[in-house]
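Novice: Could you have a look at this structure, given as structure tokens, before my questions?
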Amino acid sequence: MPDPSAVLNAVVAGVLLGGFYAAVALGIAIAFGMLDIPNLSHPAFVVMGAFATWVLNNTFGIDPVLAGLIMTGPFFILGVLLYRLYHTCFESRGEAPLQGLAFFFGILFITEVVLVLTAGADYRSVQADYIGVSVNLGSVTLPLRMVVPFVVSIGMLLALQQFLSRSFTGRAILAVSQDKLALQLMGVSPTRIKALAFGISIATAAVAGSLLIIIQPVEPSIGRDFIGRAFAAVVLGGMGSFWGMLIASIILGITESIVSDMWNPSWAPAIAFGFLLPTLAFRSGGLLGRKL
Amino acid sequence: MSSITISHLGAGYGKVRVIQDLSMEVRSGETVALLGTNGNGKSTLIKCVMGLLTPAEGSIKAEIDGVTHELAGMRTEDIVSLGIALVPEGRRLFPRLTVEENLTIGAFRRVARKVLPRNIDFCFEAFPRLKERRTQLAGSMSGGEQQMLALGRALMSEPRILLIDEPSVGLAPLLVKRTIEKIAELKQEKQLTVLMAEQNFHQALRIADRGYVIVHGEIAFAGNSAAELNENDLIKKLYMGL
């Protein structure tokens with residue numbers, strides 16, 4: 001019988017880890033779930049965000065979270081430009097699905113190589129007052145380097161959720177993958193809406209990157225560790241559903257944390273993915289997806 | 001004041017010419033029926049007016065509040081912004097958005113955003129069914145309800161000119177009758193200018209002031225009243241096999 005307080009600690013650690021996964025998965029939920037853009041390179045942009053945070057933190061001593069927020073501007077522009085390129089080369093020619101995957105796979109590698117060439121292949125980390133500090137609540141230990149990313153991630157998710165459900169632009173983003181022609185008839189340019197939304201999706205990678213480098217040191221190819229988990233969270237949660245994605249991220253986080261604490265870290269991803277299959281077998285639309 | 005004048009329009013897909021040298025007009029406050037069986041170019045004409053298809057030749061002029069715009073070559077989004085709305089064939093709702101979200105997105109146009117609450121109330125009053133189902137996903141509703149929602153969504157953009165493509169398709173006869181009557185009622189209340197493409201000429205003529213019969217991409221007959229169309233030999237031949 002495992003120690004109850006150890007189990008509790010593992011669960012709490014898992015929830016916090018899940019919150020961070022949600023920050024990474026958020027951009028994928030937008031690109032895949034709402035825009036039908038197969039952006040496989042998203043985790044690479046997260047790592048790029050982490051390195052940008054490292055530069056701002058190391059050179060100017062800017063707080064990592066603030067650095068991530070500052071980088072949302074340039075990342076947004078980068079996302080808009082990347083979508084324009086993707087749209088001109090593939091989407092507008094109706095060759096999106098397969099060629100698009102190859103395109104973003106290429107972007108993933110190019111981004112990694114650019115990072116290695118400019119920042120080197122070493123592990124980089126940031127400094128902030130809360131890194132290395134823990135708060136104890138009874139028998140539960142809360143390391144602030146996990147709590148801060150969790151809070152920022154949930155905040156980002158709430159803000160985007162509000163934007164999507166309350167603003168005219170947000171609702172157009174929700175509609176764009178359902179019927180482009182109908183959206184034009186509402187007076188909206190689907191290409192502009194998709195460029196904007198993809199810009200937002202890449203901007204979330206800047207924030208997710210700053211959270212990643214708060215949690216652990218980062219090297220250029222570390223994004224690969226998260227590709228599977230982030231995609232799993234999006235599919236498991238239900239394409240296009242933020243809350244489903246958050247719940248799925250937390251389930252993955254808790255499972256991973258418990259399995260690696262109680263049993264063996266190597267099994268953690270396998271068990272987490274084990275959840276994916278039965279969920280999809282019983283609920284093909286994911287946990288909370290809007291299904292007809 | 002709002003009207004459409006189409007002159008010498010030619011349009012098609014690739015090398016296939018669907019419409020040739022077609023001229024017609026919809027005057028302010030009229031309900032004009034565009035009649036013709038399948039494949040004669042009704043939808044192609046509507047697509048040209050909405051900028052979904054660029055005409056090969058000719059012009060489409062829309063006059064809205066004293067300003068004349070050339071629609072040929074304009075983008076669909078800009079045409080909608082002028083105050084021209086289309087209820088498309090097959091309704092084209094956003095299936096995974098709720099009834100209310102579908103209506104709200106209809107008010108994307110700048111001038112429509114300010115009057116969104118008033119227009120939502122108007123739609124719910126005109127179609128009480130939509131109010132009951134406001135939180136339901138549009139794709140899960142019946143054909144008749146979807147047609148109501150499509151009409152309501154088009155009206156949310158505060159249009160001056162409303163185009164309706166085949167409102168009766170896929171509806172039971174009783175619903176066709178009701179939909180057509182509803183269009184007349186909404187047109188009256190919102191003071192619209194309406195161009196309606198329809199195969200069901202009996203129903204269309206119940207509310208139309210005038211009509212054009214389109215055959216092989218050309219205007220085969222222009223009727224100045226519903227009675228004139230009813231008496232026409234061509235219509236008898238096309239629709240009744242006489």
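The values are calculated or read from the model by the stated rules, or taken from the named source; none is laboratory data. These numbers come from a predicted model, not from an experiment. All Cβ positions, glycine included, derive from the backbone under ideal geometry; neighbour counts span all protein chains shown. These area figures cover heavy atoms from the full protein model, side chains too; ligands, DNA and RNA do not enter into them. Shrake-Rupley method; radii C 1.70, N 1.55, O 1.52, S 1.80 Å.
Novice: Please work out if B:LEU130 is of a type outside the set (D, E, K, R) and either under 17 Å from the mean Cα position of the chain (by Cα) or open to solvent by 50 Å² or more (accessible area, probe 1.4 Å) (or both).
Specialist: The answer is no for B:LEU130.
Conditions (1) under 21 Å from A:ILE250 (Cβ atoms); (2) in contact with a helix residue (DSSP H, G or I) (Cβ under 8 Å, 6 or more places away or on another chain); (3) surrounded by fewer than 21 Cβ atoms within 10 Å (Cβ to Cβ), marked per residue:
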site: A:TYR123; (1), (2), (3): no, no, yes
site: A:VAL135; (1), (2), (3): yes, yes, yes
site: A:ALA159; (1), (2), (3): yes, no, yes
site: A:LEU164; (1), (2), (3): yes, yes, yes
site: A:ARG192; (1), (2), (3): no, no, yes
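Novice: Kindly check whether there is at least one residue in the stretch B:12-28 that is within 14 Å of chain A (Cβ to nearest Cβ), touching a residue at least 12 places away in the same chain (Cβ under 8 Å) and more than 18 Å from the chain's Cα centre (by Cα).
Specialist: No, the stretch B:12-28 contains no residue that is within 14 Å of chain A (Cβ to nearest Cβ), touching a residue at least 12 places away in the same chain (Cβ under 8 Å) and more than 18 Å from the chain's Cα centre (by Cα).
Novice: When you check B:ILE164 against the structure, is it away from every other protein chain (no Cβ under 14 Å), within 20 Å of B:ASP209 (Cβ to Cβ) and open to solvent by less than 10 Å² (accessible area, probe 1.4 Å), yes or no?
Specialist: When the stated conditions are applied, B:ILE164 does not pass them.
Novice: Name every residue in the stretch B:56-76 that is open to solvent by 20 Å² or more (accessible area, probe 1.4 Å) and not in a strand (DSSP E or B), in order of residue number.
Specialist: Of everything in the stretch B:56-76, those that are open to solvent by 20 Å² or more (accessible area, probe 1.4 Å) and not in a strand (DSSP E or B) turn out to be B:ALA56, B:ASP65, B:GLY66, B:ALA72, B:GLY73, B:MET74, B:ARG75.
Novice: Then there's this: Can you work out which of the residues in the stretch B:209-218 that are open to solvent by 50 Å² or more (accessible area, probe 1.4 Å) and over 18 Å from the mean Cα position of the chain (by Cα) is nearest to B:VAL194 (Cα to Cα)?
Specialist: B:GLU218
Novice: I would also like to ask the following. A:ILE131 is checked against (1) in a loop (DSSP other than H, G, I, E, B); (2) open to solvent by 80 Å² or more (accessible area, probe 1.4 Å) and fails just one. What number does that condition carry?
Specialist: (2)
Novice: Every residue in the stretch A:271-292 that is among the hydrophobic types (A, V, I, L, M, F, W, C), open to solvent by 80 Å² or more (accessible area, probe 1.4 Å), away from every other protein chain (no Cβ under 14 Å) and not in a helix (DSSP H, G or I), please.
Specialist: If the condition is that a residue be among the hydrophobic types (A, V, I, L, M, F, W, C), open to solvent by 80 Å² or more (accessible area, probe 1.4 Å), away from every other protein chain (no Cβ under 14 Å) and not in a helix (DSSP H, G or I), then A:PHE275 is the only one that fits.
Novice: Only one of these conditions is not met by B:VAL111: (1) at pLDDT below 95; (2) part of a helix (DSSP H, G or I); (3) more than 13 Å from chain A (Cβ to nearest Cβ). Which number is it?
Specialist: (3)
Novice: Residues of the stretch B:61-85 being more than 12 Å from B:SER3 (Cβ to Cβ), out of contact with any Lys or Arg (no Cβ under 9 Å at 6 or more places or on another chain) and touching a residue at least 60 places away in the same chain (Cβ under 8 Å), which ones?
Specialist: none
Novice: Next up: Within the stretch A:182-217, take every residue that is assigned to a helix (DSSP H, G or I), farther than 16 Å from A:ALA128 by Cα and polar (S, T, N, Q) and give me the one that is farthest from the other protein chains (Cβ to nearest Cβ).
Specialist: A:THR204
Novice: Take the residues in the stretch B:77-100 that are assigned to a strand (DSSP E or B) and not polar (S, T, N, Q), then tell me which one is nearest to the other protein chains (Cβ to nearest Cβ).
Specialist: For the stretch B:77-100, the residue satisfying everything is B:LEU86.
Novice: Give A:LEU69, A:LEU40, A:LEU26 a once-over and let me know the one that is open to solvent by 30 Å² or more (accessible area, probe 1.4 Å) and assigned to a helix (DSSP H, G or I).
Specialist: Residue meeting the stated conditions: A:LEU69.
Novice: A further question follows. In this structure, is B:THR135 of a type in the set (Val, Ile, Thr), touching a Lys or Arg at 6+ places or on another chain (Cβ under 8 Å) and open to solvent by 20 Å² or more (accessible area, probe 1.4 Å)?
Specialist: For B:THR135, the condition - of a type in the set (Val, Ile, Thr), touching a Lys or Arg at 6+ places or on another chain (Cβ under 8 Å) and open to solvent by 20 Å² or more (accessible area, probe 1.4 Å) - is not met.
Novice: Can you tell me which condition A:ALA268 does not meet? The list is (1) more than 11 Å from the chain's Cα centre (by Cα); (2) at pLDDT below 90; (3) among the aliphatic types (A, V, I, L, M); (4) open to solvent by 20 Å² or more (accessible area, probe 1.4 Å), and all the others hold.
Specialist: (4)
Novice: Output the number of residues of the stretch B:119-141 satisfying the condition of being within 13 Å of chain A (Cβ to nearest Cβ), in a helix (DSSP H, G or I) and among the hydrophobic types (A, V, I, L, M, F, W, C).
Specialist: 1
Novice: Considering each of A:ILE110, A:ILE173, A:ILE131 in turn, give the residue that is out of contact with any Phe, Trp or Tyr (no Cβ under 9 Å at 6 or more places or on another chain) and closer than 27 Å to A:ILE37 by Cβ.
Specialist: A:ILE110
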